[in-house]
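Note sheet for the following structure.
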Amino acid sequence: MLSLVLFLCGWVLGAVDQLTDHSGAELSVHFLAIGDWGSTVAKAGGDSSCCSQYHTPKSEANYTRDLYAQANIGMLMGQSAKLHTPQAVLAHGDSFYWNGVGPDVVNTSYRFENTFEAVYNHPDLVNVPWLNVMGNHDYGGSGFICGEEPCPSPQAIRRGLQLKFQAQHTYKSPASDRWHLDHWFKSTFRQGNVSVDVLSVDTNGHANVHGATHICCQCYGYLSLHPQKSPSLCANPVPGEALCAGGDVALYLACMDELVGYANASLAFVETEAKQARQVDWKIVNSHFAPHYHMDPQWQSQWLEALRTAHLLVHGHTHGANHVKMRGCDGSHHPVHFVENGAGGGIIAEAGHATAPAGMDLLWVAPQTPYGFFELAMSKTWLRLQFVTFDSQWNFGSPSEEGQVVGGRSVLYCTWIPHPGLGPAHHELPC
């Protein structure tokens with residue numbers, strides 16, 4: 001698997017907000033993090049991934065906010081990058097609604113140019129590495145995995161998944177080859193006296209909330225063959241029935257086996273990393289799904305155990321934002337923080353999870369349904385986490401985008417997370 005090691009020699013500063021933590025130590029490593037960001041190119045009609053899909057009336061102010069959300073978030077990310085050039089962008093998947101890219105080269109090139117290169121092109125952002133993972137909509141999750149027609153065999157559906165992955169895995173960005181994606185890989189960053197590992201993983205096969213089952217059933221594809229059936233049946237497709245792999249259980253199981261294999265390997269990768277002697281200050285996991293919100297108890301417990309030596313997991317899938325902390329157990333492990341980050345503009349923003357499971361504390365949930373992304377900045381002993389959205393100067397204009405007024409960035413949430421090495425007396429602090 002890909003191993004990306006970056007040793008960095010400084011960053012370019014524009015307007016500066018804060019370069020040190022509250023103890024005066026330098027914030028040396030900066031990341032941006034975004035999830036569920038790659039909207040459909042078409043902005044009209046029932047197949048778009050923004051407001052048309054959800055029937056937002058054009059008379060509502062939110063219509064144009066939703067319509068150009070991805071492009072406007074791209075502008076905001078550029079503003080953040082101008083403040084502190086990030087060492088990387090952590091991207092949590094669902095990069096290409098509704099069904100990923102490929103396998104043909106024309107489709108892949110067109111989507112990458114229009115959904116990625118032309119959006120995240122700010123001069124301070126354009127050469128920053130992107131660390132990507134596959135989301136459910138990068139494999140499928142809507143139409144047929146094999147293209148316009150159903151996959152004819154178990155071998156074909158496995159091959160279809162592999163081609164979806166390969167289209168993103170092999171892509172070479174003309175901007176400093178900034179696109180990086182694999183099923184699982186480690187990226188190491190060293191700046192000043194601060195070091196960070198980012199572990200990017202494929203968790204689709206372990207997710208039970210619009211995860212492997214929805215990908216493999218391909219319900220909306222089969223719905224086109226059974227127009228008399230209700231789309232509501234696709235909320236919970238059932239293997240063996242017509243809207244799940246056409247009732248072909250062998251086809252469904254082959255797809256599930258492929259995806260579970262990727263997730264098993266990702267889990268083993270994180271478990272192996274957990275057993276290694278600590279060689280960096282911070283360990284961050286980048287995933288599309290979260291164990292505590294998107295997995296059944298079997299996989300949830302295994303992932304949470306594997307994450308005991310991580311400091312932070314950042315994920316998407318839910319199209320909102322929150323911050324949850326898993327408590328340490330009697331001093332046997334340190335607290336682990338989980339950041340929900342799925343309002344990147346690829347699909348209409350929704351409310352984040354407003355509750356935390358047992359053993360976890362909800363530290364923050366975004367009010368209402370803002371679009372946005374997180375900024376991470378690290379010294380050796382503190383991590384600053386903040387959620388950025390549109391400030392009040394934005395005017396989203398008319399559906400033609402002609403009346404839009406570009407504003408600035410507003411920090412909706414900011415907290416300091418202490419490194420466990422500081423000891424149990426140190427807790428999160430507001431910025």
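The values are calculated or read from the model by the stated rules, or taken from the named source; none is laboratory data. Just so we're clear, the structure is a prediction, and the values are computed from it rather than from any experiment. Cβ placement follows ideal geometry from the backbone for every residue including glycine, while neighbour counts extend to all protein chains displayed.
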Of the residues in the range 275-298, those that are modelled with pLDDT under 95 and aliphatic (A, V, I, L, M) come to Ala277
Selection within the range 206-228 - out of contact with any helix residue (DSSP H, G or I) (no Cβ under 6 Å at 6 or more places or on another chain) and not in a helix (DSSP H, G or I): Asn208, Gln218, Ser224, Leu225, His226, Pro227, Gln228
The number of residues in the range 294-309 that are buried (at least 21 other Cβ atoms within 10 Å of the Cβ) and either closer than 19 Å to Thr355 by Cβ or in contact with a strand residue (DSSP E or B) (Cβ under 7 Å, 6 or more places away or on another chain) (or both) is 4
Test result for Gly328, under 18 Å from the mean Cα position of the chain (by Cα) and in a loop (DSSP other than H, G, I, E, B): no
Requiring at least 1 residues that are closer than 24 Å to Asn341 by Cβ, free of Cβ contacts under 8 Å to residues at least 40 places away in the same chain and of a type in the set (Ser, Thr, Tyr), the strands (runs of 3 or more DSSP E) wholly within the range 362-431 are 409-418
For Gly247, state whether it is small (Gly, Ala, Ser), out of contact with any helix residue (DSSP H, G or I) (no Cβ under 7 Å at 6 or more places or on another chain) and surrounded by fewer than 15 Cβ atoms within 10 Å (Cβ to Cβ). yes
Does Glu350 satisfy the criteria of being among the charged types (D, E, K, R) and surrounded by 23 or more Cβ atoms within 10 Å (Cβ to Cβ)? no
Residue satisfying condition, being at positive phi, touching a Ser or Thr at 6+ places or on another chain (Cβ under 9 Å) and crowded, with 17+ Cβ neighbours inside 10 Å, within set Gly143, Gly100, Gly93: Gly93
Wholly within the range 3-120, which helices (runs of 4 or more DSSP H) include no fewer than the required count, namely at least 3 residues that are at pLDDT below 90? 61-67, 105-111
I'd like to check which strands (runs of 3 or more DSSP E) are fully inside the range 145-205 and have at least 2 residues that are at pLDDT 95 or above and among the basic types (Lys, Arg). 184-191
Collect the residues in the range 196-223 that are more than 17 Å from Val101 (Cβ to Cβ) and either aliphatic (A, V, I, L, M) or surrounded by fewer than 20 Cβ atoms within 10 Å (Cβ to Cβ) (or both), keeping them in residue-number order. Val196, Val198, Leu199, Val201, Ala207, Asn208, Val209, His210, Ala212, Tyr220, Leu223
Just the residues that are farther than 14 Å from Thr108 by Cβ and surrounded by 13 or more Cβ atoms within 10 Å (Cβ to Cβ), please, taken from the range 163-176. Ala175
Per the filter on the range 259-273, residues small (Gly, Ala, Ser) and within 20 Å of the chain's Cα centre (by Cα) are Ala263, Ala265, Ser266
Boolean, Ser266 is over 22 Å from Glu305 (Cα atoms) and part of a helix (DSSP H, G or I): no
Tell me yes or no: at least one residue of the range 283-292 is farther than 26 Å from Pro152 by Cα and part of a helix (DSSP H, G or I). yes
Working carefully through the options Ser200, Ser224, Ser230, find the one that is small (Gly, Ala, Ser) and under 17 Å from the mean Cα position of the chain (by Cα). Ser200
Cβ pairs under 9 Å, 6+ apart or interchain, first in the range 330-351 and among the hydroxyl-bearing types (Ser, Thr, Tyr) and at pLDDT below 95, second surrounded by fewer than 24 Cβ atoms within 10 Å (Cβ to Cβ) and not in a loop (DSSP other than H, G, I, E, B), ordered by first then second residue, are Ser332/Arg308
Within 19 Å of the chain's Cα centre (by Cα), closer than 28 Å to Pro418 by Cβ and not acidic (Asp, Glu): does that describe Gln300? yes
Collect the residues in the range 89-137 that are among the acidic types (Asp, Glu) and touching a Leu at 6+ places or on another chain (Cβ under 9 Å), keeping them in residue-number order. Asp124
Whether any residue in the range 117-124 is aliphatic (A, V, I, L, M) and within 19 Å of Gly342 (Cβ to Cβ) is what I want to check. yes
Would you tally the residues in the range 210-269 being on the phi > 0 side of the Ramachandran plot and either free of Cβ contacts under 8 Å to residues at least 24 places away in the same chain or among the charged types (D, E, K, R) (or both)? 2
